[in-house]
Amino acid sequence: MVVVIAGGHGKIAMRLARLLAGEGHEVRSLIRNPDHSGDVRATGAEPVVCDLESAGDDEVEAAVRGADAIVFAAGAGPGSGAARKETVDYGGAVRMIAAAKATGVRRYVMISAQAADPDHPGDEVFDVYLRAKGRADAELRGSGLDYTIVRPGRLTDEPGTRRVRVADRLPRGEVSRDDVAAVIAACLAEPATIGVTFDLLAGETPVPEALAGLAR
Ligand SMILES: NC(=O)c1ccc[n+]([C@@H]2O[C@H](COP(=O)([O-])OP(=O)(O)OC[C@H]3O[C@@H](n4cnc5c(N)ncnc54)[C@H](OP(=O)(O)O)[C@@H]3O)[C@@H](O)[C@H]2O)c1
């Protein structure tokens, strides 16, 4: 499978690229800073410079053309203001949806966030973030693409256990980036996760069993 990861130098993205490349998939990691190429190559992925806030539509389409799946792992990050929640967390995700549709890439896995909601109230930057993520998820659900929307709790850098808790909605909690990457790799391998949106936390259930429970 050829997998394009948007936000390719991100912490989850680098873990996911290593996993997928290790399973023999071809990974194209979209980065905005060419200085990150070496780090990305070390994961086994091919770096492609594509800044989702400044690239032309033709560049974004060229970056995804020929792929079997897209994973949206980009994000403006905790230090950014409200404007970049709009241009990256919402706008970047929507640009990748448009590029997928334009080039015939059917599969799209979104790293969303627990509590993402287009109608989330409030004016703090975090509120704007949750609305941006919720609006991007809604666009993906309405896109006609083969989507999976993964909504992790607070991310940690704890070592992964490959045991998780998933459900339509869960109380607030946390999950390691290692385990988010493992869940995304498993979703790409499991067509039954198409059309599914779920919250993801650390837990006790092995990843394949957790996903099988969701798909039923
Ligand atoms: N933090 C949490 O607790 C939490 C919880 C739930 C969900 N999430 C979501 O999970 C996502 C992934 O998490 P993470 O820890 O892997 O994030 P991360 O390490 O911050 O990675 C995000 C990546 O997006 C890239 N990016 C920023 N602007 C871009 C642009 N204009 N074009 C292309 N790429 C761009 C960044 O590039 P640079 O490397 O060049 O900066 C970075 O590599 C987050 O962004 C967030 O939406 C986070």
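Quick one: is A167 away from the ligand (no atom under 11 Å from the Cβ), under 14 Å from I12 (Cα atoms) and open to solvent by less than 40 Å² (accessible area, probe 1.4 Å)?
No; evaluated as a whole, the condition is false for this residue.
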Q.
So G56 ticks every box in (1) under 18 Å from the mean Cα position of the chain (by Cα); (2) open to solvent by less than 50 Å² (accessible area, probe 1.4 Å) but one. Which box is left unticked?
A. (1)
Q: Among what's in the range 11-24 and is within 26 Å of G104 (Cβ to Cβ) and among the small types (G, A, S), pick the residue that is nearest to the ligand (Cβ to nearest atom).
A: A13
Q | Odd one out for G104, checked against (1) within 16 Å of the ligand (Cβ to nearest atom); (2) more than 17 Å from G8 (Cβ to Cβ); (3) open to solvent by 30 Å² or more (accessible area, probe 1.4 Å) | A | (1)
Q.
Anything in the range 19-66 that is assigned to a helix (DSSP H, G or I) and touching a residue at least 60 places away in the same chain (Cβ under 8 Å)? List them, or say none.
A. L19, L20, V64
(Q) Given the criteria more than 7 Å from the ligand (Cβ to nearest atom), buried (at least 23 other Cβ atoms within 10 Å of the Cβ) and not hydrophobic (A, V, I, L, M, F, W, C), does S37 qualify? (A) no
Q. Looking at (1) in contact (Cβ under 8 Å) with a residue 60 or more places away in the chain; (2) open to solvent by 50 Å² or more (accessible area, probe 1.4 Å), which is the only condition I12 fails?
A. (2)
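Quick grid of which residues meet (1) more than 13 Å from the ligand (Cβ to nearest atom); (2) farther than 25 Å from G134 by Cβ; (3) more than 16 Å from the chain's Cα centre (by Cα); (4) surrounded by fewer than 22 Cβ atoms within 10 Å (Cβ to Cβ):
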position: A69; (1), (2), (3), (4): yes, no, no, no
position: G75; (1), (2), (3), (4): no, no, no, no
position: S80; (1), (2), (3), (4): no, no, yes, yes
position: G92; (1), (2), (3), (4): no, no, no, no
Q: Could you tell me which of the residues T87, T156, T148 is within 15 Å of the ligand (Cβ to nearest atom) and open to solvent by less than 10 Å² (accessible area, probe 1.4 Å)?
A: T148
Q) Does R131 fit the bill of being assigned to a loop (DSSP other than H, G, I, E, B), closer than 19 Å to G75 by Cβ and open to solvent by 30 Å² or more (accessible area, probe 1.4 Å)? A) no
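Of all residues in the range 107-128, count the ones that are at negative phi and open to solvent by 20 Å² or more (accessible area, probe 1.4 Å).
12
The values are calculated or read from the model by the stated rules, or taken from the named source; none is laboratory data. Everything numeric in this text was worked out from a predicted model, so none of it was measured. Quick reminder, even Gly has a Cβ in these numbers, built from the backbone with ideal geometry, and neighbours come from all protein chains shown. For accessibility, only protein heavy atoms count, side chains too; no ligands or nucleic acids. Shrake-Rupley method; radii C 1.70, N 1.55, O 1.52, S 1.80 Å.
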